[in-house]
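Structure first, then comments.
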Amino acid sequence: MRIGVMGGTFDPIHLGHLVTAEAARHQFSLSQVLFVPSGQPPHKLGRAVTGAEHRYLMTFLAIASNPAFQISRIEIDRPGHSYTFDTVRQLSTEFGATAELYFITGADVMRDILSWHRAEELLQACHFVAASRPGFTLEHYLAKEDLARFRSQGNIHLISVPAMAISSSDVRRRVGAGESIRYLVLDAVENYIYKNKLYRA
């Protein structure tokens, strides 16, 4: 059994996240993709992050129509900082030894992953699916020595996703500036943002 794990702040979740998850599901024959909104992301310290319940509900609304997409509160309900290593270890226990985990993230995140909590163990614990814009390779994001370390692990996969040009930060900026976010997020997420007055200047 192959399980995709889509971790992220999802502040807010946008079409790029959904297209990436579906591309990974198809390319790696994943049984499901589990979206895991972060609780207290350590890499976001010093920046205002929307409350976890808002981010959870937006993610829930965004994935509701896809039966292959599921959502987990594992990081929201766990006290303290949200470390990917802890999440992967807990999910490995829950799904059992026969499950293979595929952690899905943006390729730009890979340049920082070696500084993550227990990075070396994390790289051994699951596959990594790095989503990039068309025409980009891992060489665009990683130094040669880091690239060699990743390739030696044998579990780093790059997929091309056109919608990776969309970003949560741009969605937040657009809302704050009074610009349209239609077709960047699902209608249900857009309505939720406006109803709850999120990202206002």
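Numbers at a glance
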{"item": "Folded to 0 to 90 degrees: helix 144-153 orientation relative to the chain principal axis, Cα", "result": "70 degrees"}
{"item": "Using distinct alpha-carbon pairs, which all enter the 1/r mean, Kirkwood radius of segment 53-199 in Å", "result": "17.5 Å"}
{"item": "83, 102 arranged by Cβ crowding within 10 Å, fewest neighbours leading", "result": "83, 102"}
{"item": "Sequence-separation-based contact order of the chain, relative, with Cα cut under 8 Å and 6+ spacing, percent", "result": "27 percent"}
{"item": "Taking 58, 1, 164 and counting other C-beta atoms within 10 Å, the order from fewest to most", "result": "1, 164, 58"}
{"item": "GNM top mover of 16, 106, 80 - the chain, alpha-carbon springs below 10 Å", "result": "80"}
{"item": "Burial ordering of 5, 109, fewest other beta-carbon atoms within 10 Å first", "result": "109, 5"}
{"item": "The chain: calculated mean residue ellipticity at 222 nm from DSSP helix runs of at least 4, using -39500 (n - 2.57)", "result": "-11000 deg cm²/dmol"}
{"item": "Acute angle (nearest 10 degrees) that the helix 84-95 long axis makes with the longest principal axis of the chain, alpha-carbon atoms", "result": "80 degrees"}
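Read-outs throughout are calculated quantities, based only on the coordinates presented, and are distinct from any laboratory measurement. Treat the numbers as computed from the prediction; the structure is a model and nothing was measured. Here the Cβ is made from the backbone with ideal geometry for all residues, glycine too, and neighbour counts use every protein chain on show.
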